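Bear in mind that the values in this text are calculations on the coordinates, not laboratory data. Quantities reported herein were computed from a predicted structural model and do not represent experimental measurements. Here the Cβ positions follow ideal geometry from the backbone for every residue, glycine too, while neighbour counts run over all protein chains shown.
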Amino acid sequence: MLKELDLLYEEIARCRNCPLALERVNPVRDKGCPETAAVVFVGEAPGANEVKHGIPFAGEAGKKLNTYLAEAGLTRNDVYVTNVVRCRPTANGGRRNRTPGREIQACGGWLKRELDIIRPKMIVTLGNIALKWLCGKNCVIGDRHGGLIRMDGFQVFPMYHPAAAIYKRDLDALIRSEFRQLGRILGRN
Ligand code: URA
């Protein structure tokens, strides 16, 4: 599996599917082990910190994610983290991160191939973009968070994006309780 992922990431590093390729440094890739991971988390797209460190969820949203994982009895070593979009969508001449738009279609095929290699039984989507990409555009995070969705060969557990709790502090308690629920589903707490 690791060899296949290495080859996939070599292809991603050469991707020219959208203009973000012009600004790409190196594709962001998790250091976690997909072969032993209890669950695969799918976020939206890397930001400045992720590009700098070369790993997903390396900035403020990542700190939040790490505290939420602890609620589920998990650490970053127990999970594999990836994104729908591989390069950093920017605004304001590169000064700001932005929500990906057309890049989702251009890039989303990489995620499908990555999941075909890993074949996880459980996928946690973080936020609307990952949820819609995997489960269809009618799935909305406000309706589906904290409820299992059975797909062909795997289950999806939709969760709010950890960054949402940075802006909407009242989401924090809800997200924590849903991570505890995830821990129970995985037999971790
Ligand atoms: N937000 C995401 O969705 N993905 C990252 O890798 C970092 C922040």
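Would region 15-33 turn up any residue that is within 14 Å of the ligand (Cβ to nearest atom) and either under 21 Å from residue 183 (Cβ atoms) or of a type in the set (Phe, Trp, Tyr) (or both)? Yes, the conditions are met somewhere in region 15-33. Being touching a residue at least 60 places away in the same chain (Cβ under 8 Å), within 13 Å of the ligand (Cβ to nearest atom), within 21 Å of residue 66 (Cα to Cα) and in a helix (DSSP H, G or I) is the requirement here; does residue 175 meet it? Considered against the rule, which asks whether it is touching a residue at least 60 places away in the same chain (Cβ under 8 Å), within 13 Å of the ligand (Cβ to nearest atom), within 21 Å of residue 66 (Cα to Cα) and in a helix (DSSP H, G or I), residue 175 comes out as no. Checking the condition free of Cβ contacts under 8 Å to residues at least 12 places away in the same chain and of a type outside the set (Ser, Thr, Tyr), which residue from 46, 56, 34, 19 passes? On inspection, the qualifying residue turns out to be 19.
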